[in-house]
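All remarks here apply to the structure that follows.
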Amino acid sequence: MIEIRNLSKVYDTKSGTVSAVDSVSLTIQEGEIFGIVGYSGAGKSSLLRCINLLEKPTSGRITVDGKDLTCLKSEDLRQARLKIGMIFQHFYLISQKTVFENVAFSLKAAKVPTAKIKERVEKLLELVGLAEKRDVYPAQLSGGQKQRVAIARALANNPTVLLCDEATSALDPTTTKSILSLLKRINKEFNITIVLITHEMNVVKEICNRMAIMQDGRVIEEGSVYDLFASPQAVLTQEFIASVVSFEIPEVILKSCKGPLVKITFKGDVAGEGIISDTLQKFNVKGNFLHGSIEYIQELPLGIFIMELKGQKEEIARALQYIESREVKVEVLHNGL
Ligand SMILES: Nc1ncnc2c1ncn2[C@@H]1O[C@H](COP(=O)(O)OP(=O)(O)O)[C@@H](O)[C@H]1O
Ligand SMILES: [Mg+2]
């Protein structure tokens, strides 16, 4: 478990101080894949680098697996850090070393016996699907393969936590998918807690259980990815979600709507379309679908439909009441003319 309490990071620069992280508190459970989302400059990397004390927090506490890292002295801190792996957008492999040597690097530095290193590195390369590339240099690898080497290197010391700083941002969509599924597998097989920062909501939607949204160094909203997709509160959260699930309706279509326009959100195993067709049958109301999709988040369906309702006012009101009574969220976007 990672506990971040009142964490702040202020950089002193020639042109003054920059408050990069401002009183952030977050609890990340063991075995979770936690996403931190925000635009460039929001403070995500600074926060992540504070988790393993790559960056020294200006104030606040970081506790990983019960140890307060901010209190540890050099040797204890070094030991604690070994249990926190990290990967980056630009991989940072050592170009003069082979794939095998890159992964072996920290084990060699820790004076692990050669036979043990060989066994461990070979196992890791097998895990990331690069066994046959062991003697190749980074320049001969694709971006996805480089990130796989970086992942193997990050796992060398059997960490309990893996920090990922925009790990898929330099990769194409197909490669991104394969790296995300590798991260998911690592999370499941070894119960490694993953903290992942990204500006891409697709990444979060694909693998995170919970997420936090950062703006100007602060966490402005956090919760389960599913709940935030179903009902984002902050404007910025809504903006990020709209980047993957957009329900914009052209102005001309909106103008031509006579009846009330409603947005119907149904969660999980509630058979939303069934409820809508039930309603249209039960009441003297017609529905004109303008938008609709079912997104799958962590394998759970989230349905969002926008429709114009046509019929008598009272009948429409009864129909809406009926839908709400079935525990489906209904928002009236506009009341019609
Ligand atoms: N080493 C540094 N020295 C000075 N300012 C920094 C440093 N690192 C980051 N910053 C500043 O802190 C703010 C947050 O940056 P960063 O943590 O990199 O955000 P993000 O990862 O969300 O893009 C930015 O204004 C950035 O310019
Ligand atoms: Mg960053």
- Message: Against the definition (within 16 Å of ligand 2 (Cβ to nearest atom) and either in the same structural domain as residue 23 (by TED's automatic domain parsing) or touching a Ser or Thr at 6+ places or on another chain (Cβ under 6 Å) (or both)), how does residue 135 come out, yes or no?
- Response: no
- Task: Take the residues in the range 28-38 that are under 9 Å from residue 213 (Cα atoms) and not hydrophobic (A, V, I, L, M, F, W, C), then tell me which one is nearest to ligand 1 (Cβ to nearest atom).
- Result: 38
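Counting only residues that are within 13 Å of ligand 2 (Cβ to nearest atom) and of a type in the set (Lys, Arg), which one in the range 15-70 is surrounded by the fewest Cβ atoms within 10 Å (Cβ to Cβ)?
49
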- Filter result (within 19 Å of residue 34 (Cα to Cα) and either basic (Lys, Arg) or free of Cβ contacts under 8 Å to residues at least 40 places away in the same chain (or both)) within the range 51-70: 53, 61
- Does residue 41 qualify as being within 12 Å of ligand 1 (Cβ to nearest atom) and either more than 30 Å from residue 205 (Cβ to Cβ) or at pLDDT below 95 (or both)? no
- Note on the structure: Residue set 69, 77, 54; condition among the hydrophobic types (A, V, I, L, M, F, W, C), within 16 Å of ligand 1 (Cβ to nearest atom) and either at pLDDT below 95 or outside the structural domain of residue 158 (by TED's automatic domain parsing) (or both); output residue 54
- Considering the range 2-25, residues that are away from ligand 1 (no atom under 15 Å from the Cβ) and either out of contact with any Ser or Thr (no Cβ under 7 Å at 6 or more places or on another chain) or basic (Lys, Arg) (or both), and then whichever is farthest from residue 70 (Cα to Cα), we arrive at 25
- the range 188-224 - residue that is touching a Leu at 6+ places or on another chain (Cβ under 8 Å) and of a type in the set (S, T, N, Q) and, of those, surrounded by the fewest Cβ atoms within 10 Å (Cβ to Cβ): 215
- Picking from 185, 148, which residue would you name as being over 20 Å from residue 30 (Cα atoms), out of contact with any Phe, Trp or Tyr (no Cβ under 6 Å at 6 or more places or on another chain), assigned to a helix (DSSP H, G or I) and modelled with pLDDT of 95 or more? 148
- Task: Considering only the range 264-311, state which residues are part of a helix (DSSP H, G or I), of a type in the set (A, V, I, L, M, F, W, C) and modelled with pLDDT of 85 or more.
- Result: 280
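The values are calculated or read from the model by the stated rules, or taken from the named source; none is laboratory data. Predicted model only: the values in this text are computed from it and were never measured. Here the Cβ is made from the backbone with ideal geometry for all residues, glycine too, and neighbour counts use every protein chain on show.
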